[in-house]
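Some notes on the structure that comes next.
The values are calculated or read from the model by the stated rules, or taken from the named source; none is laboratory data. On a predicted model such as this, the values are computed, not experimentally measured, just so you know. Please note: Cβ atoms are built from the backbone with ideal geometry, for glycine as well, and neighbour counts cover all protein chains shown. The protein model used for the area step is the full one, side chains on, heavy atoms only, and it has no ligands, DNA or RNA in it. Shrake-Rupley method; radii C 1.70, N 1.55, O 1.52, S 1.80 Å.
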Amino acid sequence: MLMGIKSAIRKSYIKFIFVCITSLFVIASIYGQNDVPNVIIIISDDLNDSVEGMGGHVQAQTPNINRLIDKGVQFTNAHANAPICGPSRASLWTGMYPSKTGYYGHNQQQNRWRDFPMMTDAVTLMEHYSNNGYKLYGSGKVFHNGHEDNSVFNQPMDGGPSSFGPFPWDGFSMHGWGKPMASGHSVMPPNIRDSKWGGFAPLSEIPTVGDYTGWMKDWEAPWDFQYESEMDRELMPDEITSMWVSEKLNETHDNPFFIVAGMNRPHTPRYAPKEFFDLFPLETIILPPYLENDLNDTPSILWENSYQSSALTRFLENSAETDIGSEMWWKKWVQSYLACVAFVDHQVGVILDGLENSQYADNTIVIFTADHGYHMGEKNFLSKTTIWEESTRVPLVVYAPGVSVAGGKVAHPVSLIDLYPTLIDLSDLPDHPNISGNGHPLDGHSIRPFLENPTNVTWNGPPVALNHLHGNIAPENNTPSPIAENHHSVRSIRYRYTLTSDGEEEFYDHLNDPNEWNNLAITDLDGNERSLLEWHKSEMFDLLNISTLNTNEPTISTDFNLYKSYLGPSNWTTKVEYTLPKETQVKIDIFNINGKKLLSLVNASKAAGKHDISFNLSKFSSGLYFCRMMTPTYSQTKKIILRH
């Protein structure tokens with residue numbers, strides 16, 4: 001029998017309201033001193049920049065994430081280190097790049113992160129907090145499904161499930177492992193309605209598969225997901241998680257707590273309550289920016305063997321003969337994505353309400369982010385797993401009471417790899433968690449300087465964010481993949497540079513080309529543009545800890561080194577050293593971050609052998625500069641950072 005309003009959803013909301021009211025009367029101190037912060041991380045699945053203030057889809061409605069932005073600092077140029085669930089989350093929780101661990105995401109379901117040698121005994125972020133006296137709670141999707149290591153939590157995993165349900169179902173089909181087998185939704189166009197992952201609709205559009213009408217939940221028996229109306233139904237996994245977190249915030253804790261709230265949406269299939277679809281009337285939907293033949297100037301290795309690279313084309317073909325036509329179906333696709341983002345935003349609001357009405361409101365760090373982005377039709381993709389902006393860029397908001405500047409915005413590139421060291425910094429934990437694990441240092445850097453001063457132009461981290469994408473050569477299961485067999489990209493404040501495993505390049509100027517429609521790497525670059533491209537490549541190689549990749553470039557015997565990259569009041573002088581295999585014309589110049597030449601150090605023919613030249617930059621203002629050496633057959637750029 002279907003549960004009525006006085007059960008299921010109504011009981012849950014009554015309980016939630018009760019704990020909020022009760023919490024107002026709790027007068028116990030927060031661990032007594034208020035000097036040990038709690039932590040809540042809310043991580044969404046497949047969420048791109050469709051968040052207000054991110055510059056993504058213009059119709060996104062995220063008022064509750066905005067509440068957090070108003071209190072904390074928003075990083076508008078934040079990126080995932082891998083655009084696919086398994087390696088992204090493994091990198092986030094272990095604090096190590098995929099290029100270090102070799103876990104890029106090949107055959108993702110068959111390769112579990114804990115089975116990779118460097119991550120077997122890696123101390124995760126959660127374990128580091130547990131080792132330092134915190135209560136560890138987790139709910140929803142924390143790790144990639146099937147890759148869970150819930151032993152990192154020292155409290156019961158009794159929150160919401162890690163599930164993308166509810167799903168359509170035929171009422172009887174079961175997997176061999178004892179759970180029901182999901183179906184596609186009957187309202188979808190031909191060739192899509194049979195896909196478990198391709199469906200999207202409000203919960204009010206109850207599916208019929210064969211003789212069975214209704215929704216299915218795969219997280220607990222009985223498998224029928226009870227739905228009578230919007231106010232007379234069971235709760236979805238993300239709703240369970242948000243209310244569970246609120247209940248935890250109503251409790252009095254003897255130790256500081258660390259909570260991970262994993263949201264399953266907007267991951268497919270995109271089913272959500274009707275009220276969130278109603279926020280986006282179909283006739284008002286704006287399609288994302290789209291350029292026909294956008295892939296023509298991109299490296300073919302990034303898409304030619306990918307089924308997903310024709311996803312939009314196939315989707316439009318499959319829906320062309322329907323009553324409403326293909327463009328309207330694309331709008332319905334976009335509507336469903338925005339609806340699921342709004343649904344996640346509502347859960348963020350539930351958690352924030354619980355926190356603000358608790359005794360921990362002034363002593364809890366809150367982070368909202370996602371594991372990677374998602375294409376909405378750009379470059380013909382309707383998915384993740386690309387090296388382009390739509391797939392790598394993620395929302396990132398950090399609220400750290402007493403540290404973060406309210407309403408601050410940071411355009412400097414950062415990535416998820418930086419969250420582990422940031423939280424260590426904010427919580428004053430030991431800064432080398434792997435001393436008792438694999439022995440490796442963390443790869444990221446604390447973004448605390450940006451929390452304290454969002455306009456800060458210097459920090460201890462790199463000037464670019466590093467992205468990884470698995471290449472075409474799949475290694476044996478649970479075997480690290482070599483760097484040279486994969487694709488990599490770096491994103492600076494203004495540019496994106498990509499180097500593929502076969503040596504092809506991309507270079508995009510986001511100031512003039514925010515949609516990455518014009519690959520400058522295949523154009524006739526002038527000297528300044530070539531210098532910028534080479535500098536981005538150099539920064540990539542620094543982060544990958546290599547000197548070259550297996551590309552088609554000829555071997556270069558010319559050598560160029562900068563004696564000192566960081567200059568300050570104690571010493572404004574540095575030196576460049578270079579070696580030439582033969583007599584040749586040499587130019588060495590200093591440029592600012594906009595590519596303007598400020599100083600010429602060398603412009604002459606030089607003999608074969610070793611050379612050096614010293615120079616003083618005390619008259620230059622603080623900031624980032626480039627030192628570029630060029631010969632007729634060689635170009636290399638080094639960075640210089642000045643701090644007055």
**Complete:** Subtracting the Cα-Cα distance of ASN453 and ILE641 from 0.36 nm times their residue separation yields 65.9 nm
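Let me spell out the model: positive unit charges on the Cβ of Lys and Arg, negative unit charges on the Cβ of Asp and Glu, origin at the Cα centre of the chain. What dipole size does that give, in debye rounded to 20?
Values: 47 positive and 74 negative charges, 335 e Å.
With Lys and Arg at +1 and Asp and Glu at -1, about 1600 debye.
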**Share of alpha-carbon pairs per 10 Å distance bin for the stretch 210-334, given as whole %** = 9, 24, 28, 23, 12, 3, 0
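How big is the Rg/Rh ratio for the stretch 396-455, C-alpha atoms only, Rh by Kirkwood, two decimals? Kindly include the intermediate steps, with their values, before the conclusion.
Working: Rg = 12.5 Å, Rh = 12.4 Å.
With Rg and the Kirkwood Rh in hand, the quotient comes to 1.01.
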**Message:** Placing one identical point scatterer on every Cα of the stretch 341-449 and ignoring solvent, what is log10 I(q)/I(0) from the Debye formula at q = 0.12, 0.20, 0.21 Å⁻¹?
**Reply:** -0.58, -1.20, -1.23
**Message:** Taking each pair of distinct Cα atoms in the stretch 185-274 once, what is the resulting Kirkwood hydrodynamic radius in Å?
**Reply:** 15.3 Å
**Prompt:** Residue by residue through the stretch 436-450, which ³J(HN,Hα) values in whole Hz follow from phi under the Karplus form 6.51 cos²θ - 1.76 cosθ + 1.60 (θ = phi - 60°), with glycine and proline marked x?
**Reply:** 9, x, 7, x, 8, x, 6, 8, x, 9, 5, 9, 3, x, 6
**Cα→Cβ-extended label distance, 7 Å offset, between THR213 and ILE493, nm** = 6.0 nm
**Item:** Rg ratio (alpha-carbon, reference 2.2 N^0.38 Å) - the stretch 286-363
**Value:** 1.73
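Dipole size in debye (nearest 20) for the stretch 356-409 around its Cα centre, Lys and Arg Cβ +1, Asp and Glu Cβ -1? Provide the component values of the computation, followed by the final result.
On the way: 4 positive and 6 negative charges, 33 e Å.
So the magnitude is around 160 debye.
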**Message:** Just to make sure I understand: if all protein chains stay in place, what is the order of LYS409, LYS606 by accessible area at 1.4 Å, largest first?
**Reply:** LYS409, LYS606
**Prompt:** Top to bottom by accessible area (1.4 Å), largest first, where do MET118, MET216 land?
**Reply:** MET118, MET216
**Prompt:** Using a 1.4 Å probe, how large is the accessible area of ILE41, given in Å² and rounded to the nearest 10?
**Reply:** 0 Å²
**Complete:** Percent antiparallel among DSSP beta bridges confined to the chain, rounded to 5, stands at 70 percent
**Request:** Please list 138-147, 367-376, 534-543 highest first by mean number of surrounding beta-carbon atoms within 10 Å per residue.
**Result:** 367-376, 138-147, 534-543
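Going by accessible area, probe 1.4 Å, with all protein chains left in place, what is the ranking of TYR307, TYR212, largest first?
Values: TYR307 155, TYR212 45 Å².
Correct descending sequence by accessible area is TYR307, TYR212.
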**Message:** Once each part is reduced to its C-alpha centroid, what is the distance from the stretch 234-273 to the stretch 350-365 in angstrom?
**Reply:** 14 Å
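Based on the Cβ-Cβ distance from ASN296 to ASN561, what FRET efficiency comes out when R0 is 35 Å, to the nearest 0.05? Could the numbers behind the result be given before it?
Values: r = 39 Å, r/R0 = 1.11.
The calculated FRET efficiency here is 0.35.
Take the Cα gyration tensor of the stretch 553-644, multiply each eigenvalue by 5, square-root it, and list the three semi-axes largest first, rounded to whole angstrom. It would help to have the intermediate numbers written out before the result.
Values: eigenvalues 119, 35, 26 Å².
They are 24, 13, 11 Å, listed from largest to smallest.
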**Fill in**
Counting only residues 5 or more apart in sequence or on a different chain, those whose built amide H sits under 5 Å from that of GLN226 are GLU234
**Prompt:** Looking at ILE65, ALA607, LEU92, which one has the Cα that reaches farthest to the positive end of the dipole of the chain (charges on Cβ: Lys, Arg +1; Asp, Glu -1)?
**Reply:** ALA607
**Message:** Which three extents, in angstrom, do the Cα atoms of the stretch 319-368 have along their principal axes, listed largest first?
**Reply:** 57, 16, 8
**Prompt:** Among VAL394, ILE367, TYR307, which residue has its Cα positioned farthest towards the positive end of the charge dipole of the stretch 270-394, with +1 placed on the Cβ of Lys and Arg, -1 on the Cβ of Asp and Glu, and the dipole taken about the Cα centre?
**Reply:** TYR307
**Fill in**
Over its alpha-carbon atoms, the stretch 446-532 yields an Rg and a Dmax in Å of 16.2, 46
**Request:** Quick one: pull the percent of accessible area on the chain belonging to carbon and sulfur, 1.4 Å probe, ligands and nucleic acids left out.
**Result:** 50 percent
**Message:** With the crude spin-label approximation of a point 7 Å out along Cα→Cβ, what separation in nm comes out for ILE546 versus ALA406?
**Reply:** 4.8 nm
**Asked** With every protein chain present, what accessible area does TRP329 have (1.4 Å probe, heavy atoms only), rounded to the nearest 10 Å²?
**Response** 20 Å²
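Expressed in nm², what is the orientationally averaged projection area of the convex hull enclosing the Cα positions of the chain? Write down the numbers at each step before the final one.
Working: hull surface 119.8 nm².
Averaged projected hull area, Cα only: 30.0 nm².
What ranking do 481-488, 594-601, 73-80 get when scored by the average of other Cβ atoms within 10 Å per residue, highest first?
Values: 481-488: 21.4, 594-601: 12.9, 73-80: 25.0.
Listed from highest to lowest mean packing, they are 73-80, 481-488, 594-601.
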**Request:** Give the residue from ASN515, PRO463, GLY214 lying farthest towards the positive end of the charge dipole for the chain; charges sit on Cβ (+1 for Lys and Arg, -1 for Asp and Glu) and the dipole is referred to the Cα centre.
**Result:** PRO463
**Request:** Keeping all protein chains in position, work out how much accessible area MET188 exposes to a 1.4 Å probe, and write it in Å² to the nearest 10.
**Result:** 0 Å²
**Request:** Using every Cα-Cα pair within the stretch 229-276, state what percent have a distance larger than 13 Å.
**Result:** 66 percent
**Message:** Run the reach check for LYS597 against lysines, Cα to Cα strictly under 28 Å, same-chain hits fewer than 8 apart removed. What comes back?
**Reply:** LYS537, LYS564, LYS575, LYS582, LYS587, LYS606, LYS610, LYS619, LYS638, LYS639
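Working out 0.36 nm times the residue gap between SER229 and ASN305, then minus their Cα-Cα distance, what length gain in nm do you get to one decimal? Before the final figure, lay out each step's value.
Details: separation 76, 0.36 × 76 = 27.36 nm, distance 4.38 nm.
Net length gain for the segment: 23.0 nm.
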**Asked** Name the residues of the stretch 279-316 whose amide N is less than 17 Å from a point 7 angstrom out from the Cα of ASN518 along the C-beta direction?
**Response** 290-298
